[in-house]
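This report refers to the structure that appears directly beneath it.
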Amino acid sequence: MTSASVLFIGGTGVISSACVREALDAGWEVTLLNRGASRHHPPAADAEPLVADVRDRDALVSAVQGRRFDVVADFLSFTTDQLRQSLGALSGSFGQYVFISSASAYQTPPTQLPVTESTPLRNPFWKYSRDKIACEDLLTAAYRDQALPMTVVRPSHTYDHTLAPLDGGWTAVERMIQGREVVVHGDGTSLWTLTHHADFARAFVRLLGRREAVGEAFHITSDEALPWDAIYTEVAHAAGVEPRLVHVPSDAIAALDADHGASLLGDKAHSMVFDNGKLRRLAPGWHAVVPFRQGASEVVEWHLADAGRRQVDARKDALFDRLVERYRV
């Protein structure tokens, strides 16, 4: 494995930073293509840096010119234009192209659970998801017509210690610490799957360089699905408080904040439970080992260790106040 090389387009995000670390530990020669700046996830010191803005075509071409990689892992393409640019710059210089899509691309709301990789892709509510679907369509056509060696990976809601996986992020946690009510969309009973980034990374690296993964799509998620009320309660208990939950219809949230509403109606408002059987056929024995109770403790501990990390979004805070005032029982 020491001779196998992987280029991460990105590599300093919540998900990609864990995948970089896992790839290095597994013996891959890792190269990172990014701008070299990240607030919470600095580039791995033992990875080769290629500093360039992936959105600058000339800089991208210059950075990868003359290079060849066994695998390219693209964490930064969100539209077909961006994907075409990266594919064009790297044309003929990789053995496998792994595109990071999103589980929000699946049929929304789903008509059957658990979701499998054969669940249709359709999301009329969220442009982000439709753009990811369009990218998948582009790659699938290129695989069929030109034998492009591509693999699609669909994360669901993946988090680490730096990311409070609640609507509003740390703003919601801070409200609970202060004894204020927090908004929970819907009635709080829909099931949601949260995946720790270390669990995701352990599975992701096992797809790299795999001939059996070419032309295929995989999601990588935990098998633990919790109601949203339980998710908020776990975070509150990690912070040593009892939550005061106010349930608000997702449509009402969307009416006041279109962007926030799109991510609810197009994703979080619906129960999402996943079958990871297809992944396990290539990664036998893999399963997520970090329960959300542990993850919630990591999130709270990291934020409380430094007051500068406890950032409150004043706009979201005010939105929550309006919703609480209207829907408080």
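Put a plus charge on the Cβ of each Lys and Arg, a minus charge on the Cβ of each Asp and Glu, and nothing anywhere else: the dipole of the chain about its Cα centre is then about 380 debye. Consider the candidate values (i) 63, 43, 40; (ii) 76, 49, 41; (iii) 63, 58, 38; state which one is Cα extents along the principal axes in Å computed from the structure displayed. Computed from the coordinates, Cα extents along the principal axes in Å corresponds to (i). Ignoring the sites themselves, the chain has its longest run without trypsin sites (Lys or Arg not before Pro) in a DSSP loop having at most 16 other Cβ atoms within 10 Å at 245-309.
Suppose we look only past 21 Å in the calculated P(r) of the stretch 213-319. What percent of the Cα-Cα pairs does that tail hold? Intermediate results must be reported in sequence, preceding the final value.
On the way: 3203 of 5671 pairs.
Of all Cα-Cα distances in the stretch 213-319, 56 percent exceed 21 Å.
If one takes the longest principal axis of the Cα atoms in the chain, at what angle in degrees, from 0 to 90 and to the nearest 10, does the Cα axis of helix 80-89 lie? The angle comes out at about 30 degrees. How far is helix 228-238 tilted, in degrees, relative to the longest principal axis of the Cα atoms in the chain, given as a value from 0 to 90 rounded to the nearest 10? Between helix and principal axis, roughly 90 degrees. For the Cα atoms of the chain, what angle does the longest principal axis make with the long axis of helix 127-146, in degrees from 0 to 90, nearest 10? That helix lies at roughly 20 degrees to the long axis.
Would you mind counting up the charge near Ala45? Only other residues with Cβ under 15 Å from its Cβ, with Lys and Arg at +1 and Asp and Glu at -1.
Numbers: positive: Arg21; negative: Asp25, Glu29, Asp46, Glu48.
Surrounding charge for Ala45 is -3.
Would the stretch 76-186 count as rounded, prolate or oblate if I go by the C-alpha gyration tensor, calling it rounded below 1.5 in a/c and otherwise prolate when a/b exceeds b/c, oblate otherwise? Write out the running numbers ahead of the final one.
On the way: a/c = 2.93, a/b = 1.91, b/c = 1.53.
Verdict is prolate for the stretch 76-186.
The distance linking the stretch 292-329 with the stretch 77-110 is 32 Å (Cα centroid to Cα centroid, whole angstrom). Quickly estimate the mean residue ellipticity at 222 nm for the chain, helices only: each DSSP H run with n ≥ 4 gives -39500 (n - 2.57), and the total goes over all residues, rounded to 500. Calculated at 222 nm, the ellipticity per residue is -11000 deg cm²/dmol.
The residues neighbouring Leu163, those whose beta-carbon lies less than 14 Å from its own, together hold a net charge of -2 under the Lys/Arg +1, Asp/Glu -1 convention.
Largest mean-square fluctuation among Leu166, Leu76, Leu304, in a Gaussian network model of the chain whose springs join Cα atoms under 10 Å apart, belongs to Leu304. Straight-line cross-link partners of Lys132 among the lysines, defined as a Cα under 25 Å from its Cα and at least 8 positions apart when in the same chain: Lys268, Lys278.
Every number here is computed from the coordinates shown, using simple stated rules; none is lab data. Bear in mind that the values here come from a model prediction, so they are computed numbers and not experimental data. When we count neighbours, we look across all protein chains shown, and the Cβ atoms used for this are built from the backbone with ideal geometry, even at glycine.
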